[in-house]
Amino acid sequence: MPTRRRAFAVLVLLGVAALASLAWALAAGSLALSLAAVWQALLGQGDGLAQEVVRGLRLPRALAAFACGGLLALAGALMQVLLRNPLADPYVLGISGGAAVGALAAMLLGVGMSLGIEAMAFAGALGAMLLVFGLAHGDGSWSQARLLLTGVIVAAGCGAAVALMLSLAPEHKLRGMLFWLMGDASHAPAPWSALWLLLGGLVTALFFARELNLLARGAPVAATLGVNVARLRGVLYFLASLLTATAVTHIGSVGFVGLIVPHLVRLALGNDQRLLLPAAALAGGILLTLADTLARTVIAPQQLPVGVLTALIGVPVFLFLLARAPRMERA
């Protein structure tokens, strides 16, 4: 268990890294800018082109990437403690599949407006969430196993629908559909709703941090110590689903952020949710901001799907954690 001083140092370090990642995102690109030029542009001073690039293009995209990374990492941390499963991630309940069906259906039907695609993606995510919770509840015999199984089945059905739409899509629409599926922050909407939801979701999750710490020891222990386990799970499952739906609506399906980040934070800070949840939100935002900056600069002016880079980062990290697991269990 880390000392308070160490935990405070880690959180401060993550805060500094968050600012640094955003600064790099604003400075890097086809038009490279110094930090001084970025600062002047943010203040509305200096070169007009720099102001347009920084305030009109890079800042909204960087904030959207940071917010969505934080949303996914926070949702992943909640799902892992709720399900008591280190392999749980924000997409385990089929929400990303529902969003993908909605977004690709909008593209296939020729909805040209970005707002229309986002609206249908969010509607698909919300529909998948309601379907999973409704079917899992069924006749009232709600259980974690039933919820997970229902989520897997709904995700499989959404995957089949996505494959069907891709096979029917005309060639000129296929690239945009594939980019959305692999994650793309270039067409993300205004980031303010995602940022406010991240802040509100984090505050809500921290309100239940003590109960989550008890739930991590097992539902019987938590219930014995006075936790209303059914209410806690219901509220936080819905919260994690809402966070995931918002992130997927903004930037598409980006993998590994919600799976890997909570693991890394847990290694550094332990399993105290009062520390893990804010640290996971910051680390997730940092990771996705850095990945998105790399996605638009590595082979500029062409752009890579940000989900590809998070997977390239996440796979070796996950294998490293998997290799450590036996030693950690024996310790």
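The values are calculated or read from the model by the stated rules, or taken from the named source; none is laboratory data. Since the structure is predicted, the reported quantities are computational estimates derived from the model, not experimental observations. All Cβ positions, even for glycine, are placed from backbone atoms using ideal geometry, and neighbour counts span all protein chains on display.
Here are a few things to note about the model shown:
Yes or no, residue by residue, for (1) in contact (Cβ under 8 Å) with a residue 60 or more places away in the chain; (2) aliphatic (A, V, I, L, M); (3) surrounded by 15 or more Cβ atoms within 10 Å (Cβ to Cβ):
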position: PHE179; (1), (2), (3): yes, no, yes
position: LEU198; (1), (2), (3): yes, yes, yes
position: LEU202; (1), (2), (3): yes, yes, yes
position: ARG217; (1), (2), (3): no, no, no
position: VAL227; (1), (2), (3): no, yes, yes
position: LEU239; (1), (2), (3): yes, yes, yes
position: ALA247; (1), (2), (3): yes, yes, yes
position: HIS250; (1), (2), (3): yes, no, yes
position: PHE256; (1), (2), (3): yes, no, yes
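- Checked against (1) among the hydrophobic types (A, V, I, L, M, F, W, C); (2) out of contact with any helix residue (DSSP H, G or I) (no Cβ under 6 Å at 6 or more places or on another chain); (3) over 26 Å from ASN228 (Cα atoms); (4) buried (at least 18 other Cβ atoms within 10 Å of the Cβ), PHE133 passes all but a single condition, namely (3).
- Candidate set: region 116-133, residues that are over 20 Å from the mean Cα position of the chain (by Cα) and over 13 Å from TYR237 (Cα atoms); chosen: the one modelled with the lowest pLDDT: GLY116
- Unmet requirement for LEU198, which otherwise passes all of (1) more than 16 Å from LEU242 (Cβ to Cβ); (2) of a type outside the set (Gly, Ala, Ser); (3) part of a helix (DSSP H, G or I): (1)
- Failed criterion for LEU93 (all others in (1) buried (at least 24 other Cβ atoms within 10 Å of the Cβ); (2) in contact with a His (Cβ under 8 Å, 6 or more places away or on another chain) hold): (2)
- Filter result for GLY110 (in a loop (DSSP other than H, G, I, E, B) and more than 27 Å from LEU290 (Cβ to Cβ)): yes
- Checked against (1) crowded, with 20+ Cβ neighbours inside 10 Å; (2) part of a helix (DSSP H, G or I); (3) under 21 Å from the mean Cα position of the chain (by Cα); (4) not hydroxyl-bearing (Ser, Thr, Tyr), LEU59 meets all criteria but (1).
- Screening ALA37 with (1) touching a residue at least 24 places away in the same chain (Cβ under 8 Å); (2) part of a helix (DSSP H, G or I); (3) not acidic (Asp, Glu) gives one miss only, at (1).
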